[in-house]
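Below is one structure, written out as structure tokens; comments come after it.
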Amino acid sequence: MPDGRFCVLLEIILAVTMAMQWPPTIEQWRPLIENAARREQIDPALIAAIIHWESGGQADAIRYESSVGASSIGLMQIVDFEWRGLERGQLMDPAYNIGYGARLLATIRRMAGGDMRLALAAYNCGFEGARTNNCGRWGGYVYADKVLATCAEFGGCRRPLRQLSEYFVQ
């Protein structure tokens, strides 16, 4: 039977291997995703999962949201409300879109008290929609659960490992 050190090393190898398995449509944005993730202290696989579900990795994705009278734009499908003062051209730029989306998610996460599931539901349909479960059939917590599951498939969204030294102390 393998000892604890072997299991830890195997877990690390699997985590690194799984982290490399993003679809090509998402993989092309990895440097931008990792930069934004580092800046906002968000798991890069979580940002990749949001992009996967929001735009499928298509930087030029635009979807009109009749419920709010605005469009969702770019990789992270940022809604271009007039009060945000954003231009469509800015949101079409992949670096800007990913950076803005990551900042937005980090802000929502703080507002949600660190509850990432609530933060993702609110990212999708706002806090009021998440609170009242008024996000449509596929929005809110259903969306959050899909994103978290995809994040895990992309090798992220796991509880942090304890320090390696804890495993090797005899």
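Any residue at all in the stretch 8-18 that is at pLDDT below 95, in contact with a strand residue (DSSP E or B) (Cβ under 7 Å, 6 or more places away or on another chain) and either not in a loop (DSSP other than H, G, I, E, B) or not polar (S, T, N, Q) (or both)? Outline the logic, then answer.
Initially, the stretch 8-18 is screened for residues at pLDDT below 95, giving 8-18.
Those left that are additionally in contact with a strand residue (DSSP E or B) (Cβ under 7 Å, 6 or more places away or on another chain): none.
The answer is no; no qualifying residue exists.
From the list Leu75, Leu104, which one is part of a loop (DSSP other than H, G, I, E, B), among the aliphatic types (A, V, I, L, M), in contact (Cβ under 8 Å) with a residue 24 or more places away in the chain and in contact with a helix residue (DSSP H, G or I) (Cβ under 8 Å, 6 or more places away or on another chain)?
Numbers: Leu104 fails: part of a loop (DSSP other than H, G, I, E, B).
Sole residue among the options that is part of a loop (DSSP other than H, G, I, E, B), among the aliphatic types (A, V, I, L, M), in contact (Cβ under 8 Å) with a residue 24 or more places away in the chain and in contact with a helix residue (DSSP H, G or I) (Cβ under 8 Å, 6 or more places away or on another chain): Leu75.
Would you pick out the residues in the stretch 128-141 that are surrounded by 15 or more Cβ atoms within 10 Å (Cβ to Cβ) and in a helix (DSSP H, G or I)? Reasoning before the result, please.
Narrowing the stretch 128-141 to residues surrounded by 15 or more Cβ atoms within 10 Å (Cβ to Cβ): 129-130, 135, 139-141.
Matches in the stretch 128-141: Gly129, Ala130, Tyr141.
Quick one: is Ile47 touching a strand residue (DSSP E or B) at 6+ places or on another chain (Cβ under 8 Å) and surrounded by 16 or more Cβ atoms within 10 Å (Cβ to Cβ)?
Values: touching a strand residue (DSSP E or B) at 6+ places or on another chain (Cβ under 8 Å): no; surrounded by 16 or more Cβ atoms within 10 Å (Cβ to Cβ): yes.
No: the conditions fail for Ile47.
Would it be correct to say that Arg109 is over 23 Å from Ile62 (Cα atoms) and over 12 Å from the mean Cα position of the chain (by Cα)? Even if it seems obvious, please write down each step before you answer.
Working: over 23 Å from Ile62 (Cα atoms): yes; over 12 Å from the mean Cα position of the chain (by Cα): no.
Taking the combined requirement at face value, the residue does not satisfy it.
Within the stretch 50-80, count every residue that is among the aromatic types (Phe, Trp, Tyr) and either open to solvent by less than 50 Å² (accessible area, probe 1.4 Å) or touching a strand residue (DSSP E or B) at 6+ places or on another chain (Cβ under 7 Å) (or both). Full working, then the answer.
Restricting attention to the stretch 50-80, the residues satisfying the condition of being among the aromatic types (Phe, Trp, Tyr) are 53, 64.
Filter once more, keeping what is either open to solvent by less than 50 Å² (accessible area, probe 1.4 Å) or touching a strand residue (DSSP E or B) at 6+ places or on another chain (Cβ under 7 Å) (or both): 64.
Of the residues in that region, 1 qualify.
The values are calculated or read from the model by the stated rules, or taken from the named source; none is laboratory data. Please read all numbers here as calculations on a predicted model, not as lab measurements. Please note: Cβ atoms are built from the backbone with ideal geometry, for glycine as well, and neighbour counts cover all protein chains shown. These area figures cover heavy atoms from the full protein model, side chains too; ligands, DNA and RNA do not enter into them. Shrake-Rupley method; radii C 1.70, N 1.55, O 1.52, S 1.80 Å.
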